[in-house]
1. Touching an Asp or Glu at 6+ places or on another chain (Cβ under 9 Å), in contact (Cβ under 8 Å) with a residue 12 or more places away in the chain, loosely packed, with under 13 Cβ neighbours inside 10 Å and not in a loop (DSSP other than H, G, I, E, B) - does that describe any residue in segment 76-96?
2. Taking the criterion of being in contact (Cβ under 8 Å) with a residue 12 or more places away in the chain, among the acidic types (D, E), surrounded by fewer than 17 Cβ atoms within 10 Å (Cβ to Cβ) and over 21 Å from P84 (Cα atoms), would at least one residue in segment 10-24 satisfy it?
3. Determine whether E35 is at pLDDT 90 or above and out of contact with any Ser or Thr (no Cβ under 8 Å at 6 or more places or on another chain).
4. Every residue in segment 1-31 that is in a strand (DSSP E or B) and either of a type outside the set (D, E, K, R) or in contact with a His (Cβ under 8 Å, 6 or more places away or on another chain) (or both), please.
5. Kindly indicate whether L69 is among the hydrophobic types (A, V, I, L, M, F, W, C), touching a Cys at 6+ places or on another chain (Cβ under 7 Å) and either open to solvent by 50 Å² or more (accessible area, probe 1.4 Å) or at pLDDT below 90 (or both).
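The values are calculated or read from the model by the stated rules, or taken from the named source; none is laboratory data. Being a predicted model, the structure only gives us computed values, none of them experimental. Cβ atoms come from the backbone with ideal geometry, glycine included; neighbour counts cover every protein chain shown. Just the protein is used for accessible areas: all its heavy atoms, side chains included, with ligands, DNA and RNA removed. Shrake-Rupley method; radii C 1.70, N 1.55, O 1.52, S 1.80 Å.
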Amino acid sequence: LALDICQFANTWGGVLLLGVKEAEDDIDGKKVASEFSGVHNFEELSRFVNDSVLPLIYPREINIDLICLKTPKRTQVVAINISPLSVGVSCVCTPSPP
């Protein structure tokens, strides 16, 4: 997850969706979103991202927002909105950055 966040931050930003199942596309074999599987506990996931994932990312100034979205079937999907870095490059490192 930390690597995915860095990849978005190092380009134009973007959105990661958690709680969406993937399937292989019949035409070209690429993985595509196929259905909502849901996230059971948004607060727990949010704590995990803030306490365990973000500390692995350097620089710490990376800007993300976690949003809980409700689907028509009342499952929760979490959108991690990632802003692009304005300067530099982000990377994943040990808890003690270089």
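1. no
2. Looking for residues that are in contact (Cβ under 8 Å) with a residue 12 or more places away in the chain, among the acidic types (D, E), surrounded by fewer than 17 Cβ atoms within 10 Å (Cβ to Cβ) and over 21 Å from P84 (Cα atoms), one finds at least one in segment 10-24, hence yes.
3. On the way: at pLDDT 90 or above: no; out of contact with any Ser or Thr (no Cβ under 8 Å at 6 or more places or on another chain): yes.
Criteria not met by E35.
4. As a first pass, look at segment 1-31 and keep what is in a strand (DSSP E or B): 14-18, 20-24, 31.
Within segment 1-31, G14, V15, L16, L17, L18, V20, A23 meet the criteria.
5. On the way: among the hydrophobic types (A, V, I, L, M, F, W, C): yes; touching a Cys at 6+ places or on another chain (Cβ under 7 Å): no; either open to solvent by 50 Å² or more (accessible area, probe 1.4 Å) or at pLDDT below 90 (or both): yes.
No: the conditions fail for L69.
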